[in-house]
Amino acid sequence: MARPRAFDEESVLDNAMNVFWHKGFEGTSVQDLVDETGLNRASMYASFGDKKALFLRVLDHYVQTISAARFAKLVEMTDGRQAICETFRDVMRNGLSEGRNKGCLMVNSGMELAPHDAETAAIARQSFKRTELLFVDALVRAQAQKTIAEGKNIRALARFLAGSVQGLQLMARRAADEETMRDYVEMVLTALD
């Protein structure tokens, strides 16, 4: 009879996520993960596999938690244009919050690993596509509500907005000041006019 797990998997994933987020994949050692999660090496390997397998689980966890919350307004708000504006302003505020100059785990991981790791590159592409589709839905609502011009190329604009969110997160990663980030957001949002 298998023994039940003596740890909270979500808590372990949260703790591992924070290590990878701060140090990157290459900069994170197995000992860092052991120290941060409270698991011993044997339990970590038995439950999650090697460092790379845990990292991939963390990326999925990130998508289900952090990314889902980051883009929730694009799904929940009926006013499409307002949902887009609020999403950008929330990402900016989050990036400016104390201790949050770590940017986006997905963007960071894509920059670090995608050039030489096909699995991470595929996950980063899927993440970008999900974000693009969320913007498509909000833009379609905005167009129907006549809060953006009827002739806008929705697909191209959604791709621009998804890329701009990534740019904003990179700015947060390098600790850009509030004025710079606010100017960037306001300029991006002029694409809706």
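The values are calculated or read from the model by the stated rules, or taken from the named source; none is laboratory data. All of these numbers come straight from a predicted model, not from anything done at the bench. When we count neighbours, we look across all protein chains shown, and the Cβ atoms used for this are built from the backbone with ideal geometry, even at glycine. Only protein heavy atoms, including side chains, enter the accessible area calculation; ligands, DNA and RNA are left aside. Shrake-Rupley method; radii C 1.70, N 1.55, O 1.52, S 1.80 Å.
Those residues that are exposed (fewer than 14 other Cβ atoms within 10 Å of the Cβ) and part of a helix (DSSP H, G or I), I need them from region 113-132; list them, please.
Hits for region 113-132 are Ala118, Glu119, Ala122, Arg125, Gln126, Lys129.
How many residues does region 15-26 contain that are farther than 15 Å from Arg173 by Cα and either open to solvent by 50 Å² or more (accessible area, probe 1.4 Å) or without any contact (Cβ under 8 Å) to a residue 12 or more places away in the chain (or both)?
Number of matching residues: 1.
Scan region 155-174 residue by residue and report those that are in contact (Cβ under 8 Å) with a residue 40 or more places away in the chain and touching a helix residue (DSSP H, G or I) at 6+ places or on another chain (Cβ under 9 Å).
To start, the set of residues in region 155-174 that are in contact (Cβ under 8 Å) with a residue 40 or more places away in the chain comprises 161, 164-166, 168-174.
Within region 155-174, Leu161, Ser164, Val165, Gln166, Leu168, Gln169, Leu170, Met171, Ala172, Arg173 meet the criteria.
Out of region 112-154, which residues are within 23 Å of Lys23 (Cα to Cα) and in contact (Cβ under 8 Å) with a residue 12 or more places away in the chain?
Those that are within 23 Å of Lys23 (Cα to Cα) and in contact (Cβ under 8 Å) with a residue 12 or more places away in the chain: Glu112, Leu113, Glu119, Thr120, Ile123, Ala124, Ser127, Phe128.
Check Gly103, Gly110 and return the single one that is within 14 Å of Arg70 (Cα to Cα) and either under 15 Å from the mean Cα position of the chain (by Cα) or buried (at least 16 other Cβ atoms within 10 Å of the Cβ) (or both).
Gly103
Looking only at region 163-177, which residues are open to solvent by 30 Å² or more (accessible area, probe 1.4 Å) and either more than 13 Å from the chain's Cα centre (by Cα) or aromatic (Phe, Trp, Tyr) (or both)?
Residues satisfying the conditions are Arg174, Ala175, Asp177.
Hey, could you check region 178-190 for residues that are farther than 13 Å from Phe88 by Cα and not β-branched (Val, Ile, Thr) and say which is surrounded by the fewest Cβ atoms within 10 Å (Cβ to Cβ)?
We begin by selecting, within region 178-190, every residue farther than 13 Å from Phe88 by Cα; these are 178-180.
In the following step, the residues that additionally are not β-branched (Val, Ile, Thr) were identified as 178-179.
On the way: Glu178: 11, Glu179: 8.
So, considering only residues that are farther than 13 Å from Phe88 by Cα and not β-branched (Val, Ile, Thr), the one surrounded by the fewest Cβ atoms within 10 Å (Cβ to Cβ) is Glu179.
Could you tell me which residue of region 85-100 is least open to solvent (accessible area, probe 1.4 Å), considering only residues that are polar (S, T, N, Q) and in a helix (DSSP H, G or I)?
Only one residue tops the list, namely Thr87.
Exactly one condition in (1) in a helix (DSSP H, G or I); (2) out of contact with any helix residue (DSSP H, G or I) (no Cβ under 9 Å at 6 or more places or on another chain) is not met by Phe135; state its number.
The single condition Phe135 does not satisfy is (2).
Can you tell me how many residues in region 133-162 are open to solvent by 40 Å² or more (accessible area, probe 1.4 Å) and over 21 Å from Ser67 (Cβ atoms)?
Number satisfying all stated conditions: 11.
So, in region 96-109, how many residues would count as being of a type in the set (Gly, Ala, Ser), farther than 14 Å from Ser164 by Cα and modelled with pLDDT under 90?
Counting residues in region 96-109 that are of a type in the set (Gly, Ala, Ser), farther than 14 Å from Ser164 by Cα and modelled with pLDDT under 90 gives 2.
Any chance you could count how many residues in region 36-50 are open to solvent by 70 Å² or more (accessible area, probe 1.4 Å) and within 14 Å of Met17 (Cβ to Cβ)?
1
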